[in-house]
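K.L.:
Structure provided below as structure tokens; questions to follow.
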Amino acid sequence: MLKLKELYTQWKGVEPARMEKLPGAGSNREYYRMADEKGHTVIGCIGTSSEENHAFLCIARHFTKRKLPVPKVLAQSEDEICYIQQDLGDHTLFEAIKGGRDAGGRYTLKEKELLKKTIRELPNIQVRGARGLDFSICYPQPEFDQENVLFDLNYFKYCFLKATGLDFHELKLEASFKLLAKDLTQDSNSLTTNCFLYRDFQARNVMLVKNAAGEENPYFIDFQGGRKGPYYYDVASFLWQASARYSQSLRQELIEEYYKSLSLYTEVPPFKRFCDRLQYFVLFRTLQVLGAYGFRGYFERKAHFIQSIPPAIENLRQLLKDNDFPYPYLVGVLKRLTELPQFAPKPVEPAQRKDGYKTTDINPYDANPSDGKATFSKYDGKGPLVVKVYSFSFHKGIPADDSGNGGGYVFDCRSTHNPGRYEPYKQLTGLDEPVIRFLEDDGEILTFLESVYKLADAHVSRYIQRGFTSLMFSFGCTGGQHRSVYSAQHLAEHIHKKFGVEVRLEHREQNIKQQFNAEVR
């Protein structure tokens, strides 16, 4: 700390008026917020490896030269153990999407837009950031290769797999590891691999910084482990982050956003081939993070990493279910791993959110969530049932039923507190976070929906049992903008989560349509 203080004094000409140590994460680096008398702040870093710091400093300066959204390096010590950089604030993407993560993967439109904005910016770092970069400065190695892959796979074997007590054949597993390593590096020297591989691309390493217009834009930090490599890796790292619990549909949306953005920077393979190839990196990344969780959790006893193991195992379980990887022995070991008693999904009582939704340790869209009490039937293929949910304004009439079945239910939301009466909410809708918070804090809409859920659940369950094909729910309010939109969105997600049937949602006055596809359960 004294050395960092001396560096600040040398750079600024005066000692810092205040130094505040920032909370640590997974690394051994220490960060401090340093301020002058006027309150202007910078971030100081003390590292334990001059080589790692050298990599960060060189990459950061190169990215700044390329006008990429990263913190600007302001000063560094001669031995590069300490450096000072621009202060981007405290607002991370990880904190910004906390509400959706805590809700078990039910993200608001604002949270989804932040995720999309971030994933669209990633190719800028990967492709433009790689141009002219001297990869020889990267630490601990300049390029993603088979040796790199095998190191991480063995990290998984020794720090996680062995710690579980699962029996396996060392040589057969090693043979599978070599095949996977070969497949992951088969595109060597192609456009696919001539990119900057961020390596630790996750929501905690994305800062949200407001521009002059008040819009939050992503800036990227902690890229000192980057190297030359395939762009698939970072996509897998970001979208399969264990604690995020992204739904299958949201992941698909974000993959499509990334693919479209990537195509603006470089040539891309056909989309299906891109997605198929991505799954191999998802498998590798999942094993890699389990290795890290094992070391940080089982050996270093850090609670955050132990808590991340169950959702990571759930990711692995779903990945093996959805893909046919050509490594029979490895797949067999991993399936047995996911079936160990300590990793079995437990029928715990989920936490209660204010909006009546249940949150669990697994993604409600990737599995079969249950509160342990419900007895409603799941979608069994009879029909199939399609549920249509509308929001509308009573001034413009009730939505027409085009099925010929007579309509279904129409709910009047006008008895609940109307956020549209207040100026800050007049230009927003029931999909925007400020309106959502207003309605949930007030509570009237939640009481209203409790009754709606009970009626809807019983009706959907009975329609499935009888093989009916169409059911319609409509929510009306004064303008079709706030209460009805909130209610329709929540019922649509509720029905899809509980029953897995196809749900077609339309916010009529907002001209917004969304479809939740039927799931095989």
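K.L.:
May I ask you to derive the FRET efficiency for Asp90 and Glu256 from their Cβ-Cβ distance with R0 = 35 Å, giving the value to the nearest 0.05?
P.N.:
E between Asp90 and Glu256, to the nearest 0.05, is 0.65.
K.L.:
Next up: For a Förster distance of 35 Å, can you work out the FRET efficiency between the beta-carbons of Ile512 and Leu22, rounded to the nearest 0.05?
P.N.:
For Ile512 and Leu22, the calculated efficiency is 0.30.
K.L.:
Okay, next question. Please give the helix 109-123 orientation as an angle from the longest Cα principal axis of the chain, in degrees from 0 to 90, rounded to the nearest 10.
P.N.:
Tilt relative to the chain: about 40 degrees.
K.L.:
With a 1.4 Å probe and all protein chains left in place, how much accessible area per residue does the chain have, in Å²?
P.N.:
Dividing the accessible area of the chain by its residue count gives 46 Å².
K.L.:
Could you tell me which Cys residues in the chain have no other cysteine's Cβ under 4.7 Å from their own Cβ, answering none if every one has a partner?
P.N.:
So, Cys45, Cys58, Cys82, Cys138, Cys159, Cys195, Cys275.
K.L.:
Take the Cβ-Cβ distance between Asn217 and Gln10 as r, set R0 to 35 Å, and report the resulting FRET efficiency rounded to the nearest 0.05.
P.N.:
0.65
K.L.:
Order of 63-71, 102-110 by packing, highest average Cβ count within 10 Å first?
P.N.:
Descending packing order for the listed peptides: 102-110, 63-71.
K.L.:
Between helix 271-293 and the chain, what is the angle of the helix's C-alpha long axis to the longest principal axis, kept within 0 to 90° and rounded to the nearest 10?
P.N.:
70 degrees
K.L.:
Further question: Tell me the accessible surface of Ile512 in square angstrom (1.4 angstrom probe, heavy atoms of protein chains only), to the nearest ten.
P.N.:
Its accessible surface works out to 60 Å², give or take rounding.
K.L.:
Right, next: Taking just the C-alpha trace of the chain, give me its Rg and Dmax in Å.
P.N.:
Over the chain's Cα set, Rg and Dmax evaluate to 25.4, 80 Å.
K.L.:
Another question about this same structure. Identify the chymotrypsin sites (Phe, Trp or Tyr not before Pro) of the stretch 425-519 meeting these criteria: DSSP loop state and at most 13 other C-beta atoms within 10 Å of the C-beta.
P.N.:
Within the stretch 425-519, no chymotrypsin sites (Phe, Trp or Tyr not before Pro) qualify (loop, at most 13 other Cβ atoms within 10 Å).
K.L.:
OK, next. Find the centroid of the Cα atoms in the stretch 440-481 and in the stretch 398-427, then give the distance between the two in whole Å.
P.N.:
12 Å
K.L.:
How far is helix 483-499 tilted, in degrees, relative to the longest principal axis of the Cα atoms in the chain, given as a value from 0 to 90 rounded to the nearest 10?
P.N.:
Once rounded, the angle reads 80 degrees.
K.L.:
Please work out the Cα center distance from the stretch 491-521 to the stretch 260-290, rounded to the nearest Å.
P.N.:
If we compute the Cα centre of each part, the gap is 28 Å.
K.L.:
Right, next: In nm, to one decimal, how far is the modelled label at Ala458 from the one at Ala303, with both set 7 Å along Cα→Cβ?
P.N.:
4.3 nm
K.L.:
If you don't mind, another one. Between their Cα atoms, which of Lys454/Lys498; Lys116/Lys260; Lys110/Lys497; Lys5/Lys38; Lys157/Lys178; Lys5/Lys67 are more than 23 Å away from each other?
P.N.:
In this structure, Lys5/Lys67 lie more than 23 Å apart at Cα.
K.L.:
Rounded to the nearest percent, how much of the accessible area of the chain (1.4 Å probe, protein heavy atoms only) is carbon and sulfur?
P.N.:
Here carbon and sulfur together make up 50 percent of the probe-accessible area.
K.L.:
Just to confirm my numbers, what's the Cα centroid distance between the stretch 5-64 and the stretch 99-166 in Å?
P.N.:
The distance from the Cα centre of the stretch 5-64 to that of the stretch 99-166 comes to 24 Å.
The values are calculated or read from the model by the stated rules, or taken from the named source; none is laboratory data. Just so you know, these numbers come straight off a predicted model, no measurement behind them. Every residue, glycine as well, gets a Cβ built from its backbone with ideal geometry; the counts of neighbours run over all protein chains shown. Just so you know, the surface numbers come from the protein's heavy atoms only, side chains and all, with ligands and any DNA or RNA stripped out. Shrake-Rupley method; radii C 1.70, N 1.55, O 1.52, S 1.80 Å.
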